[in-house]
There are 2 protein chains.
Amino acid sequence: MGTTQLESVQEPKYWHLKTVLSEALDSDFAVGEILPNERDLAARFGVARATLRQALEQLELEGRLQRRRGVGTTVAPPRVGVAVAAVQHDWADGGGTDEAWQPVECTTATAPASVAALLDIVADAPVHVVRRIRLTHGQSVAAELLYVPTSSVPELSAIDVPSGPARARSVLRELHRRGLDGQDRSVELGSARADDAKELDRLPGAPVLVVTTRYFAAPGTVAVSVATYRADTCRLTFGDSGALEISHDEQVETRQAS
Amino acid sequence: MGTTQLESVQEPKYWHLKTVLSEALDSDFAVGEILPNERDLAARFGVARATLRQALEQLELEGRLQRRRGVGTTVAPPRVGVAVAAVQHDWADGGGTDEAWQPVECTTATAPASVAALLDIVADAPVHVVRRIRLTHGQSVAAELLYVPTSSVPELSAIDVPSGPARARSVLRELHRRGLDGQDRSVELGSARADDAKELDRLPGAPVLVVTTRYFAAPGTVAVSVATYRADTCRLTFGDSGALEISHDEQVETRQAS
């Protein structure tokens, strides 16, 4: 991890402890190993338990530790790099690869006001709401609600089943037929809704990265996706024209330079 | 905000309260307004104070509330959309626009191991470390360490001053002369280092979005940036080929659809 390059600011005690702990995690502990209890750790590093707890919280925020009720504090595996930009371009579900968005449900409803504004539709216009779960290496890393105005997929067969994964796949197929002119997205911190938390094996309210994507096809926005990524285990990656993604081999090394 | 579209999961009490509070914030409170104290709020909504506190924490995570010592809990302004993709392409400092990266310091040091690996240099190779602060509408929204191997800017004058903002500008100018073939980046949750926290007017350890960017120019990686964005006030935006960024007018509406 190295040390801070610019040493002009005095760091609080728990911050220094965090750095020391972080190095100890690298050298003395294996991924998945359970840490000693707080009393023993505090004694080992010669700090108050309150200081220790603050340092542990920081390390949890940075994805180095996981704290689970009934298990204790364990050393977290490195965050998984999850490519955000290109995957959904063809609305496919991964075609049997290890990387897949699985459609799990589809309903027809009205969109939340915020989503209706992004779609540029009136607030009570009907939209298909496709729910998908993103799997990476067999783990759920994201839960998504994809909002598709009924006007975006006019060819959708009315005789289909009205809901369920099969309906979701029909909506995605129609979107795919329309093609895509572009997309933009935003990333912000959020807290997991109860339904998302359940899918992601987190408690409701756990920190998540919320990725909001607008999909464009002439003459306007054809769909909006609100995807909730686990913030503890995911590092979102964005490639650029011609550039390579940060590779899996390197991701172990790409924690926050601290 | 609307309600959850798929009601299959029972939500805990604080979550329901969060939704109710969120609607109350929209209708009854102005940005910057101080909320009643916890006792009064708990009484008003008929909940235990522990439940109230959990709901307030959620709203803080989502950027709806700010809690400051000595002030109390205030209604937060909408998050600011901050474009991440294109701004640094020419290494310019914004040219007098409202949107700028300000170089504040430059030192020569060795990079943290994680950064050296991304740069594909040996661990003890010297790098220029440029520190920049990003301003949006006059506010510091991000603090960055830009690591530039000395081999990336061989033409850099040795007779320059060895550190300070002027040196930082020289390094950026040399990078600009080299041009850029591409970039990739990752976004993850982190906690603010003490020096960054000070620049960003946050407490050390506050949640931040850490954006790690690799800059490519033949034959390899010429620089790596580790930028720390305030997670409470920033929404990072990413445009795509030909697509418009989510505009400022709409950003008020693009909170997490909850």
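The values are calculated or read from the model by the stated rules, or taken from the named source; none is laboratory data. Note that the structure is predicted; figures quoted are calculated from it, not measured. Don't worry about glycine lacking a Cβ; one is built from the backbone with ideal geometry, like all the others, and counts go over all protein chains shown. Just the protein is used for accessible areas: all its heavy atoms, side chains included, with ligands, DNA and RNA removed. Shrake-Rupley method; radii C 1.70, N 1.55, O 1.52, S 1.80 Å.
Within region B:218-240, residues that are over 22 Å from B:PRO103 (Cα atoms) reach partners that are among the acidic types (Asp, Glu) and not in a strand (DSSP E or B) with beta carbons closer than 7 Å, at six or more positions or on different chains, in the pairs B:ALA218/B:ASP181; B:GLY220/B:ASP120; B:THR237/B:GLU245; B:GLY239/B:GLU245.
Any chance region A:150-169 includes a residue that's closer than 16 Å to A:ALA227 by Cα and touching a helix residue (DSSP H, G or I) at 6+ places or on another chain (Cβ under 7 Å)? Among the residues of region A:150-169, not one is closer than 16 Å to A:ALA227 by Cα and touching a helix residue (DSSP H, G or I) at 6+ places or on another chain (Cβ under 7 Å), which makes the answer no. One residue is enough: does region A:213-230 have a residue meeting the conditions over 19 Å from A:PRO126 (Cα atoms) and in contact with a Pro (Cβ under 8 Å, 6 or more places away or on another chain)? No, because not a single residue in region A:213-230 is over 19 Å from A:PRO126 (Cα atoms) and in contact with a Pro (Cβ under 8 Å, 6 or more places away or on another chain). Based on what the data block shows, is B:LEU146 in a strand (DSSP E or B) and open to solvent by less than 50 Å² (accessible area, probe 1.4 Å)? The answer is yes for B:LEU146. Return yes or no: is A:ASP195 surrounded by fewer than 20 Cβ atoms within 10 Å (Cβ to Cβ), among the acidic types (Asp, Glu) and farther than 18 Å from A:VAL84 by Cα? So A:ASP195 does not fit the description; no.
Any idea which residue in region A:198-212 is least open to solvent (accessible area, probe 1.4 Å), counting only those that are within 7 Å of chain B (Cβ to nearest Cβ) and over 12 Å from the mean Cα position of the chain (by Cα)? Full working, then the answer.
Residues of region A:198-212 that are within 7 Å of chain B (Cβ to nearest Cβ), as a first pass: A:198, A:204-205, A:207, A:209-210, A:212.
Adding the requirement that they be over 12 Å from the mean Cα position of the chain (by Cα) leaves A:198, A:204-205.
On the way: A:LYS198: 150, A:PRO204: 36, A:GLY205: 10 Å².
Within region A:198-212, the match that is least open to solvent (accessible area, probe 1.4 Å) is A:GLY205.
Going residue by residue through region A:175-185, is there one that turns out to be over 17 Å from A:LEU146 (Cβ atoms) and open to solvent by 30 Å² or more (accessible area, probe 1.4 Å)? So far as region A:175-185 goes, yes, one or more of its residues are over 17 Å from A:LEU146 (Cβ atoms) and open to solvent by 30 Å² or more (accessible area, probe 1.4 Å).
Which one is farthest from the other protein chains (Cβ to nearest Cβ) among residues in region B:214-239 that are open to solvent by 20 Å² or more (accessible area, probe 1.4 Å) and over 11 Å from B:ARG79 (Cβ atoms)? Even if it seems obvious, please write down each step before you answer.
From region B:214-239, those open to solvent by 20 Å² or more (accessible area, probe 1.4 Å) are B:216, B:218-221, B:230, B:232-233, B:239; that's our starting set.
Filter once more, keeping what is over 11 Å from B:ARG79 (Cβ atoms): B:216, B:218-221, B:239.
Values: B:PHE216: 6, B:ALA218: 11, B:PRO219: 13, B:GLY220: 11, B:THR221: 10, B:GLY239: 5 Å.
By that ranking, first place goes to B:PRO219.
When region B:114-143 is filtered for residues that are surrounded by fewer than 22 Cβ atoms within 10 Å (Cβ to Cβ) and part of a strand (DSSP E or B), the ones remaining, listed by number, are B:PRO126, B:ILE133, B:LEU135, B:THR136, B:GLN139, B:SER140, B:VAL141. Under the condition of being under 16 Å from B:TYR215 (Cβ atoms) and not aliphatic (A, V, I, L, M), which residue from region B:160-174 is most open to solvent (accessible area, probe 1.4 Å)? Of everything passing the filter in region B:160-174, B:ARG173 is most open to solvent (accessible area, probe 1.4 Å). Say we look at region A:168-192 and pick out the residues that are among the polar types (S, T, N, Q) and in contact with a strand residue (DSSP E or B) (Cβ under 7 Å, 6 or more places away or on another chain); which of these is modelled with the lowest pLDDT? This residue is A:GLN183. Checking each residue in region B:193-216 for being touching a Ser or Thr at 6+ places or on another chain (Cβ under 9 Å), modelled with pLDDT under 90 and part of a loop (DSSP other than H, G, I, E, B) picks out B:ARG193, B:ASP201, B:PRO204, B:GLY205, B:ALA206.
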